[in-house]
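Provided herewith is a single structure, encoded as structure tokens, for subsequent inquiry.
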Amino acid sequence: MTQGDEDEGLDGLVRKRLRALRVAQGWSLEELASRAGLSQSSLSRIENGQRRLALDQLVTLARALDTSLDQLVETAADDVVTSPTVDAARGRLRWPVKGEPGVSVLRQRLTEPPPDDPARMRAHPGREWLVVLSGVAILMLGHKRIRLDTNQAAEFPTMMPHAIGVESGPCEVLGIFDRDARRGHQRDAGKGD
């Protein structure tokens, strides 16, 4: 593929995204043009490829569509499949989230109940989100004990002392950690957690 073909492909992709985002919002050409400060005919020509894409107009259109310029012009990567890193000793699989530096997804099989003592719980900057894939999990947040059944999720700030474990039998959870939460758990894991 030549550079010209790549540019034409990106140009066409951006035009399709503009139209798809407009339609997804339920907006007419007139409504988006008004929000972006363009004429309806200019927007129509942009979407139809009859007018060249100008950076200043793309920035304005991205804002009007509540997206970023990066997302508007992002091309599909060839490496869409991510393999996990495996921590067999702890029964964990971890995947990095591409495009979100520092965010990772963790799948873990739990077999032990959580500690009741807040002194044995973790607290660190960040946020966590988790969903129970199977079994019943118990999430301890400070002195609060929260039961999570299969397919239930929880999201919480990790500055609150927290721990997760099982109620009776094993359970499997999938968690999403932002950069700070991931760092906090890596530090804890280094202490023999």
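Is it the case, given these coordinates, that Asp66 is modelled with pLDDT of 80 or more, outside any strand (DSSP E or B) and exposed (fewer than 12 other Cβ atoms within 10 Å of the Cβ)?
yes
Sticking with this one: Among the listed residues Arg45, Arg19, Arg15, Arg35, identify the single one that is modelled with pLDDT of 85 or more, more than 28 Å from the chain's Cα centre (by Cα) and not assigned by TED's automatic domain parsing to the domain that holds Arg179.
Arg45
Go through segment 122-152 and give me each residue that's among the acidic types (Asp, Glu) and either in a loop (DSSP other than H, G, I, E, B) or not assigned by TED's automatic domain parsing to the domain that holds Leu110 (or both). Steps first, please.
Within segment 122-152, the subset among the acidic types (Asp, Glu) is 128, 149.
If the condition is that a residue be among the acidic types (Asp, Glu) and either in a loop (DSSP other than H, G, I, E, B) or not assigned by TED's automatic domain parsing to the domain that holds Leu110 (or both), then Asp149 is the only one that fits.
When you go through (1) closer than 22 Å to Ser104 by Cα; (2) among the small types (Gly, Ala, Ser); (3) part of a loop (DSSP other than H, G, I, E, B) one by one for Ala163, which number turns out not to apply?
Going through (1) closer than 22 Å to Ser104 by Cα; (2) among the small types (Gly, Ala, Ser); (3) part of a loop (DSSP other than H, G, I, E, B) one by one, Ala163 breaks only (3).
Residue by residue, here is whether (1) assigned by TED's automatic domain parsing to the domain that holds Glu172; (2) modelled with pLDDT of 75 or more; (3) over 30 Å from Glu172 (Cα atoms); (4) surrounded by 12 or more Cβ atoms within 10 Å (Cβ to Cβ) holds:
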| residue | (1), (2), (3), (4) |
| --- | --- |
| Gly26 | no, yes, yes, no |
| Glu31 | no, yes, yes, yes |
| Leu61 | no, yes, yes, yes |
| Trp95 | yes, no, no, yes |
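Where the second residue is of a type in the set (D, E, K, R) and part of a helix (DSSP H, G or I) and the first is free of Cβ contacts under 8 Å to residues at least 60 places away in the same chain and under 15 Å from Arg15 (Cβ atoms) and lies in segment 47-63, which pairs have Cβ atoms under 7 Å and are six or more apart or on separate chains?
Qualifying pairs under 7 Å: Glu47/Arg15; Glu47/Arg19; Gly49/Arg15; Arg51/Arg45; Leu53/Asp11.
Return only the number of the condition from (1) under 18 Å from Ala154 (Cα atoms); (2) at pLDDT 90 or above that Val105 does not satisfy.
(2)
The values are calculated or read from the model by the stated rules, or taken from the named source; none is laboratory data. From a predicted model like this one, the values you see are computed outputs, not experimental measurements. Please note: Cβ atoms are built from the backbone with ideal geometry, for glycine as well, and neighbour counts cover all protein chains shown.
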